[in-house]
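Here is the structure we will look at, set down as structure tokens.
The values are calculated or read from the model by the stated rules, or taken from the named source; none is laboratory data. This structure is a prediction, so every number in the text was calculated from the model and none was measured. Here the Cβ positions follow ideal geometry from the backbone for every residue, glycine too, while neighbour counts run over all protein chains shown. When the accessible area is computed, the model is the full protein with side chains, heavy atoms only, and any ligands, DNA or RNA have been set aside. Shrake-Rupley method; radii C 1.70, N 1.55, O 1.52, S 1.80 Å.
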Amino acid sequence: MRNVELARCFRDLAAYLEMEDVPFKPRAYEKAALAIESYDRPLEEVYRQGGVKALRAIPGIGASMADKLEELIKTGKCALREQYYARMPVDIATLTAIEGVGPKAVKVLHEKLGVRTVEDLEAAARAGKVRSLPHFGERSEEKILKALAFVQTSGARQPLAVTLPLVEQIAGALARVPSVEQVAIAGSVRRRKETIGDADLLAVARKPDAVMRAFVGLPPVTRVLGQGDTKSSVKLASGLQVDLRVVPAESFGAALCYFTGSKAHNVALRQLAIKRGYKLNEYGLFRGERRIAGRTEEEIYARLGLAYIPPELREDQGEIDAARAGTLPRLIEADALRGDLQTQTDWTDGADSIEEMARAAKTLGLEYVAITDHTRSLAMTRGSDEAKLRKQMLEIDRLNARLGGIRVLKGAEVNINKDGTLDIDDETLAALDVVGVAVHSYFNLPRAEMTARIIRAMRNPHADIL
DNA sequence: GCCGTTTTCGGCCCGACTGTTTTCAGTCG
Ligand SMILES: Nc1nc2c(ncn2[C@H]2C[C@H](O)[C@@H](COP(=O)(O)OP(=O)(O)OP(=O)(O)O)O2)c(=O)[nH]1
Ligand SMILES: [Mg+2]
Ligand SMILES: [Mg+2]
């Protein structure tokens with residue numbers, strides 16, 4: 001059973017327990033579900049190698065849950081979940097995935113109307129049967145119907161690269177709204193997660209209500225999920241949900257910390273604050289009534305006795321202990337990049353000259369840049385042959401003599417022929433500083449032939465990079 | 001149900017928005 005399926009079972013249990021108003025256990029199962037989902041190894045494998053004991057070692061998993069995981073892995077079933085399902089046979093995961101529908105709503109819908117699936121719910125709402133239920137009304141029935149229409153368009157997480165440009169555009173539009181002093185991207189986008197559920201934006205503004213009006217009126221907004229003075233949520237035409245919080249400047253750091261998350265990181269930070277006699281929320285770090293930090297994230301972490309934790313690490317995976325002990329890892333930042341070993345110029349299919357590329361690399365703060373134009377069998381790029389490469393090497397020598405602060409390396413992106421030989425002779429390759437080799441043709445060779453081809457290319461003593 | 005450099009028992013993050021509610025529960029961030 002895959003981790004997502006194990007997590008799903010625990011989520012179901014959390015929802016069932018929530019229905020019954022069981023205290024604390026729902027949180028425990030939800031926390032465990034999250035831990036399982038984001039665990040970097042299949043739990044089946046963990047169990048195979050270390051048994052129940054190894055499962056128990058995962059934070060958030062104790063004796064009871066480890067036993068349930070063992071049961072799930074061995075039998076594919078969980079007796080407790082089956083028991084709950086027998087009592088209330090509902091598609092709890094899909095139903096609670098509907099915006100605004102939680103365990104308590106599912107309970108009423110099932111008990112009073114026999115709703116088991118999303119289709120049942122849609123039929124009941126259309127028939128106007130939902131409005132007369134206890135704790136429901138005309139408006140909530142309407143809300144459910146609207147949310148149902150969006151079940152298809154939302155849901156799936158999107159790659160960061162897809163979401164980031166959209167988010168930056170919205171953030172830019174917000175920054176131009178009058179009275180807005182500051183806009184920040186928060187949430188999983190700021191933590192640079194690989195996939196993004198929704199976008200979270202933070203703003204500092206003197207007139208929050210005007211900002212909220214502008215926000216919900218932005219062109220790409222197709223639906224307003226909620227709108228208040230400090231928090232609003234919308235959906236864009238693309239299906240992306242965007243949440244906006246507006247806070248005063250003295251709370252900016254605390255709010256950025258809160259809204260950046262992750263949730264697990266927030267809970268752990270807040271627990272630490274309690275232990276130190278403080279209270280932490282999105283408005284600041286408080287001792288009694290007095291705010292002792294809040295304007296910047298740095299002062300929040302400092303007053304909690306922690307080193308500043310970069311957003312990318314805020315997942316409650318040990319970073320708080322490391323920050324306390326001063327043993328946080330140094331992240332690889334953009335400025336750690338020393339050089340670029342693959343570039344093309346106007347000698348082949350690139351747009352700029354060698355000198356322009358060198359100057360651009362220098363501006364980027366690089367120490368070196370390799371010029372690696374394509375080689376002859378890529379005819380459409382006017383790929384280099386030996387003579388052209390020799391000529392280019394001379395030009396690079398002259399350029400290096402002239403330019404300071406950047407070293408231009410002589411290179412090539414050499415074609416791997418069908419048989420694994422290279423399309424530039426060894427003598428010329430030997431004169432280059434860096435040789436990349438790449439397949440640009442015959443992409444569909446049988447696996448064995450392709451492998452032999454690549455290995456032969458790599459065996460060329462001048463090949464540095466595949 | 002989980003957890004622990006102050007605890008193996010007694011705590012468990014904190015607040016915004018909505019709708020139905022007569023004072024707050026449910027859902028969500
Ligand atoms: N303290 C606290 N903060 C929360 C809670 N839920 C969410 N947050 C904070 C931390 C989250 O990173 C932030 C944004 O919430 P989201 O639901 O958008 O989560 P996030 O962006 O981390 O992931 P996503 O990619 O949207 O699924 O709000 C909570 O229950 N308690
Ligand atoms: Mg988000
Ligand atoms: Mg969000």
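Side notes on the structure shown:
- When each of A:VAL183, A:VAL246 is tested for being closer than 27 Å to A:GLU312 by Cβ, hydrophobic (A, V, I, L, M, F, W, C) and away from ligand 1 (no atom under 15 Å from the Cβ), the lone residue that passes is A:VAL183.
- For segment A:6-24, residues that are open to solvent by 20 Å² or more (accessible area, probe 1.4 Å) and touching a residue at least 12 places away in the same chain (Cβ under 8 Å) total 3.
- The residue list A:LEU328, A:LEU280 contains one member that is part of a strand (DSSP E or B) and surrounded by 18 or more Cβ atoms within 10 Å (Cβ to Cβ), which is A:LEU280.
- Those residues of segment A:240-252 which are open to solvent by 10 Å² or more (accessible area, probe 1.4 Å) and within 16 Å of ligand 2 (Cβ to nearest atom), in sequence order: A:LEU240, A:GLN241, A:ASP243, A:ARG245
- Of all residues in segment A:124-133, those satisfying the criterion of being open to solvent by 60 Å² or more (accessible area, probe 1.4 Å) and of a type outside the set (D, E, K, R) are A:ALA127, A:SER132.
- Residue ID - farthest from A:ARG48 (Cα to Cα), chosen from residues in segment A:63-114 that are away from ligand 3 (no atom under 16 Å from the Cβ), outside any helix (DSSP H, G or I) and small (Gly, Ala, Ser): A:GLY114
- Given (1) over 23 Å from the mean Cα position of the chain (by Cα); (2) open to solvent by 70 Å² or more (accessible area, probe 1.4 Å), index of the condition A:GLY339 fails: (2)
- Checklist (1) open to solvent by 10 Å² or more (accessible area, probe 1.4 Å); (2) under 22 Å from A:ASP340 (Cα atoms) applied to A:ILE371, failing item: (1)
- Restricting attention to segment A:166-176 and to residues that are farther than 23 Å from A:ALA254 by Cα and more than 16 Å from ligand 2 (Cβ to nearest atom), the residue that is surrounded by the most Cβ atoms within 10 Å (Cβ to Cβ) turns out to be A:ALA173.
- Breaking point among (1) open to solvent by 20 Å² or more (accessible area, probe 1.4 Å); (2) in the same structural domain as A:VAL408 (by TED's automatic domain parsing), for A:GLU312: (2)
- Filtered residue count, segment A:176-211, keeping only those that are free of Cβ contacts under 8 Å to residues at least 24 places away in the same chain and more than 16 Å from ligand 3 (Cβ to nearest atom): 2
- A single member of A:GLY197, A:GLY226 is at pLDDT 95 or above, in the same structural domain as A:VAL162 (by TED's automatic domain parsing), surrounded by fewer than 14 Cβ atoms within 10 Å (Cβ to Cβ) and of a type outside the set (D, E, K, R), and it is A:GLY226.
- Checked against (1) surrounded by 18 or more Cβ atoms within 10 Å (Cβ to Cβ); (2) within 14 Å of ligand 1 (Cβ to nearest atom); (3) not in a helix (DSSP H, G or I), A:CYS257 passes all but condition (3).
- Here the condition is being within 16 Å of ligand 3 (Cβ to nearest atom) and of a type in the set (Phe, Trp, Tyr); of A:TYR308, A:TYR258, A:TYR278, it holds for A:TYR258 alone.
- Of all residues in segment A:8-52, those satisfying the criterion of being within 11 Å of DNA strand B (Cβ to nearest atom) and within 25 Å of the chain's Cα centre (by Cα) are A:PHE10, A:ALA14, A:ARG27, A:ALA28, A:TYR29, A:GLU30, A:LYS31, A:ALA32, A:ALA35.
- Out of A:GLU44, A:GLU5, sole residue that is within 29 Å of A:VAL106 (Cα to Cα) and not small (Gly, Ala, Ser): A:GLU5
Yes or no, residue by residue, for (1) under 22 Å from A:ARG295 (Cα atoms); (2) in a loop (DSSP other than H, G, I, E, B); (3) open to solvent by 40 Å² or more (accessible area, probe 1.4 Å); (4) not assigned by TED's automatic domain parsing to the domain that holds A:ALA255:
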| residue | (1), (2), (3), (4) |
| --- | --- |
| A:LYS143 | no, no, yes, yes |
| A:LYS146 | no, no, yes, yes |
| A:GLU181 | yes, no, yes, yes |
| A:ARG192 | no, yes, yes, yes |
| A:PRO219 | no, yes, yes, yes |
| A:THR222 | no, no, yes, yes |
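- Residue count for segment A:419-429 under the criterion of being under 14 Å from A:ARG459 (Cα atoms) and hydrophobic (A, V, I, L, M, F, W, C): the result is 2.
- Candidates A:ARG291, A:ARG295, filtered to the one that is at pLDDT 95 or above, surrounded by 14 or more Cβ atoms within 10 Å (Cβ to Cβ) and within 16 Å of DNA strand B (Cβ to nearest atom): A:ARG291
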